[in-house]
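The values are calculated or read from the model by the stated rules, or taken from the named source; none is laboratory data. Because the structure is a prediction, the values reported are computed rather than measured. Using ideal geometry, Cβ is built from the backbone for each residue, glycine included, and neighbour counts are taken over all protein chains shown. These area figures cover heavy atoms from the full protein model, side chains too; ligands, DNA and RNA do not enter into them. Shrake-Rupley method; radii C 1.70, N 1.55, O 1.52, S 1.80 Å.
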Amino acid sequence: TPENEHDNHGFIKDKLPDNLDFDDKDLTILYWSDYTMTEFFVTIQSGEIINDSIFTRNQTVEERLGVKLNYVGEKAYEKSMGAYMQAAEKDIQSGANDYSIYASYSKTIPAMSLRGLLADLMDIDYLDLDMPWWPKSLVEECTINNILYFCSGDISTNMLWMMIGTFFNIELLEGYGLESPYDLVDANQWTIDKLIEMTRNVYADNDGNNRVNDGDMFGFIIYNENIDAFFTSAGIMAIEKDNNGNLIISPTFNSERTIDLISKIGDYIVYNPGVENSSSIYIRDNFFNQNALMTMDRVFIVAGKDNRDYDTKIEFTYGLVPNAKYDPADEYYTNLGHPFTLYAISSGAEDADMAGAVLECLASESYRQVTPAVFETAMKIKYAHDEKTSQMYDIIRSTVVFDLGRLYGPTFQEYTSSVIRQQVIANSRSFSSMYRSFEKTILSGINKIMEAYS
């Protein structure tokens, strides 16, 4: 590659014109204010590497493009999705068009595409979706009929922090004389069956009350929403595209593998006292307090949330591996927790090309400045205890997959995103019969999405 395509640190440079200047115009970004990890802006440099990289990134974008970034916050997480969409809809319908860019919760932005609130990014100048800061897997999965309404990647720190991996307590693991998950990964034998075998019999009634409760010793604990990661790691998708690019229900969704895994994980959770699950985030305390050998969770637990209550984090020497495969012959597949950010341009934006330049510049500067701070320095050095953990972060990041069934979950009444998890928690054997009852709902949702992309 020609040398002038890289900066002095070896990072690829974007292709924005050097003389691009928007005469200090304001550009307003409507962002979700109830995000988990710092992503959009900081007010001052503090000496903390991630904080300062975001500050410098925004400053660089403003100076390079001659713009003034203006961030307006609106809650958008889960129950607040409607409020965010209403704010965007009101802005367009009133003709004010104050918001040029939307940056919101991963389920909110796709829902907005069905209301005609988003511009087709394929028609926007300055965006180069072939560049490495826009993940190829996301762009390909979310482009339908050559239309793309939203994107993400290096521009979202939360996309990195929401990667789900399997954490283990190294000291406890060695104390139980168990195999190293690192060695199992290297030998291509890190499977769901192996995880179950290693953890199901690890239990101790620490408080001696003859009841299973917090404070006891567990082999494996999991926050319920993260159960989805078992199915992603098994290569199970809800929605995919056929050879003509049309959305279809994935053949893997109601497959023998799905049925087998529901019963396998259901039995694992229900019939083993050393395995504990909960809808409460506080189940994580068992791992943080070194009362659990393993957990499957989002990477932010190494640092603690910085924009929500409950910022507890791992304080001991941990190990990290990709989520276990269904079969040794499979590839690794990494699930993302929902609270990451998708970016879009308003269909009412009067300065859409300027918004495109800002998105491209924010993403490319994040790739060069913010991602190295978050991923290379914080995750792989500051919060990692050995070289092997750093290597695992690379595997996890390189195997992230995206499923429109999860992103458009509300459109499918969540049948494509939560029904399998609910079957596991109930240890039910009724998925196939249930599937017949909600298949039409999923097909109806597919039709709505295809209409929005027609």
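Under the condition of being assigned to a helix (DSSP H, G or I), loosely packed, with under 12 Cβ neighbours inside 10 Å and hydroxyl-bearing (S, T, Y), the residues counted in the stretch 433-454 number 2.
Looking across the stretch 258-276, the residues that are open to solvent by 40 Å² or more (accessible area, probe 1.4 Å) and either outside any loop (DSSP other than H, G, I, E, B) or closer than 26 Å to M379 by Cβ (or both) come down to I259, D260, K264, D267, V270, E276.
The rows are residues; the columns are (1) over 14 Å from M294 (Cα atoms); (2) among the aromatic types (F, W, Y); (3) more than 28 Å from the chain's Cα centre (by Cα).
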site: C151; (1), (2), (3): yes, no, no
site: D154; (1), (2), (3): yes, no, no
site: L160; (1), (2), (3): yes, no, no
site: E171; (1), (2), (3): no, no, yes
site: Y176; (1), (2), (3): no, yes, yes
site: E179; (1), (2), (3): no, no, yes
site: D193; (1), (2), (3): yes, no, no
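Here S437 fulfils each of the conditions (1) under 22 Å from I170 (Cα atoms); (2) small (G, A, S); (3) modelled with pLDDT of 95 or more apart from (1).
Which of the numbered conditions does M237 fail, given that it passes all the others? Conditions: (1) open to solvent by less than 20 Å² (accessible area, probe 1.4 Å); (2) aliphatic (A, V, I, L, M); (3) within 24 Å of R421 (Cβ to Cβ). Against the list (1) open to solvent by less than 20 Å² (accessible area, probe 1.4 Å); (2) aliphatic (A, V, I, L, M); (3) within 24 Å of R421 (Cβ to Cβ), M237 comes up short only on (1).
Restricting attention to the stretch 394-426, the residues that are open to solvent by 30 Å² or more (accessible area, probe 1.4 Å) and either in a helix (DSSP H, G or I) or in contact with a Gly (Cβ under 7 Å, 6 or more places away or on another chain) (or both) total 9. Within the stretch 190-203, if we keep just the residues that are over 12 Å from N323 (Cα atoms) and in a loop (DSSP other than H, G, I, E, B), the residue that is least open to solvent (accessible area, probe 1.4 Å) turns out to be V202. Restricting the stretch 246-257 to residues that are open to solvent by less than 20 Å² (accessible area, probe 1.4 Å) and in contact with a strand residue (DSSP E or B) (Cβ under 7 Å, 6 or more places away or on another chain), the residue that is farthest from S430 (Cα to Cα) is L247.
Taking the stretch 59-78 as the range and being closer than 17 Å to N158 by Cα and hydrophobic (A, V, I, L, M, F, W, C) as the test, only A76 passes. Filtering the stretch 63-79 to residues that are closer than 27 Å to D24 by Cβ and open to solvent by 50 Å² or more (accessible area, probe 1.4 Å) leaves E63, R64, K68, N70, E74.
Which ones in the stretch 80-101 are within 15 Å of Y408 (Cα to Cα) and either open to solvent by 20 Å² or more (accessible area, probe 1.4 Å) or in contact with a Phe, Trp or Tyr (Cβ under 6 Å, 6 or more places away or on another chain) (or both)? Let's see the steps before the verdict.
Residues of the stretch 80-101 within 15 Å of Y408 (Cα to Cα): 81-82, 85.
Listed by number, the residues that qualify are M81, G82.
Screening the stretch 102-178 for helices (runs of 4 or more DSSP H) wholly inside it with 2 or more residues that are surrounded by fewer than 18 Cβ atoms within 10 Å (Cβ to Cβ) and small (G, A, S) returns no ranges. Looking across the stretch 1-33 at every residue that is among the charged types (D, E, K, R) and within 18 Å of W133 (Cα to Cα), the one that is surrounded by the most Cβ atoms within 10 Å (Cβ to Cβ) is identified as D14. Of the residues T43, T60, T56, T36, the single one that is of a type in the set (S, T, N, Q) and buried (at least 17 other Cβ atoms within 10 Å of the Cβ) is T36.
Regarding G235, is this residue touching a Pro at 6+ places or on another chain (Cβ under 6 Å) and either free of Cβ contacts under 8 Å to residues at least 40 places away in the same chain or in a loop (DSSP other than H, G, I, E, B) (or both)? Against the criterion (touching a Pro at 6+ places or on another chain (Cβ under 6 Å) and either free of Cβ contacts under 8 Å to residues at least 40 places away in the same chain or in a loop (DSSP other than H, G, I, E, B) (or both)), G235 does not qualify. Scanning the stretch 250-270 for residues that are touching a residue at least 12 places away in the same chain (Cβ under 8 Å) and over 23 Å from the mean Cα position of the chain (by Cα) gives N254, S255, R257, I259, S263, K264, G266, D267, Y268, I269, V270.
Filtering the stretch 39-77 to residues that are touching an Asp or Glu at 6+ places or on another chain (Cβ under 9 Å) and on the phi > 0 side of the Ramachandran plot leaves only G66.
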